[in-house]
Amino acid sequence: MHQRELVGVMIIQQQEQRGFDESEEAFMVTLSAQMAGLIAHASATGVLNKLWAYSDKRVKKETTHLKGIAAVPGVGIGHAVVVYPLADLDAVPDKETRNADDEIALFQQALDTARQDIRELSARLPENLPTAEKALFEVYLQILDDNSLGKEVIQEIKDGQWAQGALRKIIKQHIRSFEAMEDSYLRERADDLRDLGRRVLSHMQTQKHKTLQYPEQTVLVGEEVTAAALAEVPEGQLAGVVSSRGSKNSHVAILARALGVPAVMGTDGMSVSELDGKEIIVDGYYGQVYLDPTQRLRKQYLSLAKEEQQLDADLEQLRDLPAQTPDGYQVSLFINTGLNEDAGLSSSVGAEGIGLFRTEVPFMLRDAFPSEEEQRVLYKQLLGAFHPRPVIMRTLDVGGDKPLPYFPVEEENPSLGWRGLRITLDHPEVFLVQLRAMLRANIGLNNLRIMLPMVTHPGEVDDALRLLAKAHKELSEEHEDLPMPPVGVMLEVPSAVYQAGAIAQRVDFMSVGSNDLTQYLLAVDRNNSHVANLYDSLHPAVLMALMQAVQSAHTQGKQISICGEMAGDPASVILLIAMGFNAMSMNTTSLPRVKWVIRNVERAHAKELLKQALSVEDPMVIRFHLEQALEKLGLGGLVRAGK
Ligand code: PEP
Ligand code: MG
């Protein structure tokens, strides 16, 4: 057994007729437990499939399928274009050079050409892509700058290494430091660096970069498909992305999501080189990839893909309609963001504003705390883009699984440690700078709302409000009539839910962070794959906590929203409506889908389903009932492939 699943049966035979004794049995149990892990790994990495194929040549040819992480939902069918590494950095040997000047010239020319590549790729990106995704290419250019990568490599050449070896050494040094980072988002930036290094190397090796032919329906496949490779596909021809490496946080997944292209990441162990040109189906709902599908499977998925397109087209029509149930219960729908999202994209899905701006994300992308002025400019941009719609900015929520590279916090148990408001209250100098930047950005706009993360008890709210009042008072001396924005608190620690009434009295609004609330209520680390099966926001205990939070807020006459992933989950949304949440905040892709649910479920019916859910003990059964309800309402297309 591996993680409660049967992976195989071990049969032991002996010549002598006798029973096995207890110690032999114990040995077999130990052996099978060890083997199960190995078999599960071999199966996940595709090694097992290969073994079958070698051991039995007569095996009937069936659709091969790979399992990965469902990174971007949707169904894509097309032909694989394998994106190879442009050049193999690992293969570059160390060599001394006697002619450093020539080597430097060679390197600089390659660097120049690589920069040109990136500029061209960036220019080919579709117009309507969010600025944040476009900015990625700016970051690439900064890395490839003469004063950045260029400087370090040239120094290495001057120290006697030939150009290719110098490049390999510097790139690998940076990759190692990225890979050692705790934060998964930053760790994955190592892939971007590796890609840029290869680009420069390929130009140095004067390998002519083979111009790839892209079929009408291209599925990009690679060991590590990069955002740059994705941008290289002509507009409208990208049907899917499959990458052995990476996860939901990879830039390529973020970009694919922005383009609405289904993606499966982390299909560890597939032998990429054998896939070129093959027909391939990408099921981004279940993280499945089918190679050389049978006629029947292809037909099934083709009709599913058609239905999906129809569904998206239908949902576009909801853009300007209110998120209101047929019996008149209205909710506000907002979006979550961490980057300076393009306001156009959010309007195109009908968002009423930003429900959660994770301010720590821009902090994580730098190598030092941004100054007050840098922050002001950033916040002003966002407030301006969304004006007059409200923007809820959450104060710095670092620590836990989101450390800052320049503010290391070493802890045994980081999720229960120094994070969020706990850090900013201990570092008022950091907190005050952020609050001042927000207040200054809000001048002349007045659509800012401030939200406090990781509140454990009301006293912390008092402390934070005191600091906010101080920042406001100081700035008021320079700016007359400086508006004081509404302040809210995130309910994401169980203690805060129990004290929600006391907290609500102190603030203007509250928002449930169901990601952390689930983690802390169930004692399940949200990033630990070993216990991922226990992490479920539909756990009855979480549902009861949510109900209590709503009730406490409303008793105090305060509005309450929810901004964890649960708000973007169509099945959960039914229960959230029943509970009486006033607003929900989610990613842009989920918003039209959630609106569709709201517009189709009577609140009375949602309340019945909530009652039913509360009588069930198992979250899986609750999900099953909700998905069935969606199916009955004709909304099944939201939780599986097809319409
Ligand atoms: C949450 O915890 O639900 C939340 C929205 O915050 P984050 O995911 O950034 O911790
Ligand atoms: Mg949180």
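Just to be sure, is E341 in a helix (DSSP H, G or I) and either buried (at least 18 other Cβ atoms within 10 Å of the Cβ) or modelled with pLDDT of 85 or more (or both)? Give the steps one after another, and end with the answer.
Numbers: in a helix (DSSP H, G or I): no; either buried (at least 18 other Cβ atoms within 10 Å of the Cβ) or modelled with pLDDT of 85 or more (or both): yes.
Here the answer is no, as E341 does not meet what is asked.
Can you tell which of L448, L421 is of a type in the set (A, V, I, L, M, F, W, C) and away from ligand 1 (no atom under 16 Å from the Cβ)? Can you show your working first?
Values: L421 fails: away from ligand 1 (no atom under 16 Å from the Cβ).
From the options L448, L421, the qualifying one is L448.
Of all the criteria given as (1) open to solvent by 30 Å² or more (accessible area, probe 1.4 Å); (2) in a loop (DSSP other than H, G, I, E, B), the one not satisfied by R168 is (2).
What residue, of V153, V241, V225, is assigned to a strand (DSSP E or B) and touching a residue at least 40 places away in the same chain (Cβ under 8 Å)?
Numbers: V153 fails: assigned to a strand (DSSP E or B); V225 fails: assigned to a strand (DSSP E or B).
Only one candidate qualifies: V241.
Whether a residue is over 22 Å from the mean Cα position of the chain (by Cα) and within 16 Å of ligand 1 (Cβ to nearest atom) was assessed, and P494 passes this test.
Quick check on my filter: what residues within region 419-428 are within 16 Å of ligand 2 (Cβ to nearest atom) and either among the aliphatic types (A, V, I, L, M) or open to solvent by 70 Å² or more (accessible area, probe 1.4 Å) (or both)?
Result: L421, I423.
Going through region 135-159 one residue at a time, which ones are open to solvent by 20 Å² or more (accessible area, probe 1.4 Å) and either in contact with a Phe, Trp or Tyr (Cβ under 6 Å, 6 or more places away or on another chain) or more than 14 Å from S122 (Cβ to Cβ) (or both)?
Looking only at region 135-159, we keep the residues that are open to solvent by 20 Å² or more (accessible area, probe 1.4 Å), and these are 135, 138-139, 141-143, 145-148, 151-152, 154-156, 158-159.
Across region 135-159, the qualifying residues are D145, D146, N147, S148, K151, E152, I154, Q155, E156, K158, D159.
For region 471-485, a tally of residues being open to solvent by 10 Å² or more (accessible area, probe 1.4 Å) and in contact with a helix residue (DSSP H, G or I) (Cβ under 7 Å, 6 or more places away or on another chain) returns 3.
Output the residues belonging to region 532-562 that are at pLDDT 95 or above and within 16 Å of ligand 2 (Cβ to nearest atom). Matches in region 532-562: V542, A545, L546, A549, I560, S561, I562. Among the residues making up region 18-42, those that are open to solvent by 90 Å² or more (accessible area, probe 1.4 Å) and assigned to a helix (DSSP H, G or I) are E22, E25, F27, V29, Q34, L38, H41. Checked against (1) open to solvent by 30 Å² or more (accessible area, probe 1.4 Å); (2) modelled with pLDDT of 95 or more; (3) within 29 Å of the chain's Cα centre (by Cα), D525 passes all but a single condition, namely (2). Just checking, does region 509-527 include any residue being away from ligand 1 (no atom under 16 Å from the Cβ) and on the phi < 0 side of the Ramachandran plot? Checked against the condition, which is being away from ligand 1 (no atom under 16 Å from the Cβ) and on the phi < 0 side of the Ramachandran plot, region 509-527 yields no hits at all.
Within region 577-615, the set of residues being part of a helix (DSSP H, G or I), open to solvent by less than 40 Å² (accessible area, probe 1.4 Å) and without any contact (Cβ under 8 Å) to a residue 60 or more places away in the chain comprises A578, M579, S590, V597, L609.
Looking at E412, is it surrounded by fewer than 16 Cβ atoms within 10 Å (Cβ to Cβ), away from ligand 1 (no atom under 15 Å from the Cβ) and assigned to a loop (DSSP other than H, G, I, E, B)? Spelling it out, E412 is indeed surrounded by fewer than 16 Cβ atoms within 10 Å (Cβ to Cβ), away from ligand 1 (no atom under 15 Å from the Cβ) and assigned to a loop (DSSP other than H, G, I, E, B). Could you tell me which residue of region 444-484 is farthest from ligand 2 (Cβ to nearest atom), considering only residues that are of a type in the set (A, V, I, L, M, F, W, C) and part of a loop (DSSP other than H, G, I, E, B)? This residue is L482. Of the numbered criteria (1) assigned to a strand (DSSP E or B); (2) away from ligand 1 (no atom under 16 Å from the Cβ), the one H530 fails is (1).
Tell me, please, whether a residue that is closer than 28 Å to A571 by Cβ and either surrounded by fewer than 18 Cβ atoms within 10 Å (Cβ to Cβ) or within 14 Å of ligand 2 (Cβ to nearest atom) (or both) can be found in region 504-511. Taking every residue of region 504-511 in turn, at least one turns out to be closer than 28 Å to A571 by Cβ and either surrounded by fewer than 18 Cβ atoms within 10 Å (Cβ to Cβ) or within 14 Å of ligand 2 (Cβ to nearest atom) (or both).
The values are calculated or read from the model by the stated rules, or taken from the named source; none is laboratory data. Since the structure is predicted, the reported quantities are computational estimates derived from the model, not experimental observations. Glycine gets a Cβ as well: all are built from the backbone with ideal geometry, and neighbour counts include every protein chain shown. To get the accessible areas, we keep the full protein, side chains included, count just its heavy atoms, and leave off ligands, DNA and RNA. Shrake-Rupley method; radii C 1.70, N 1.55, O 1.52, S 1.80 Å.
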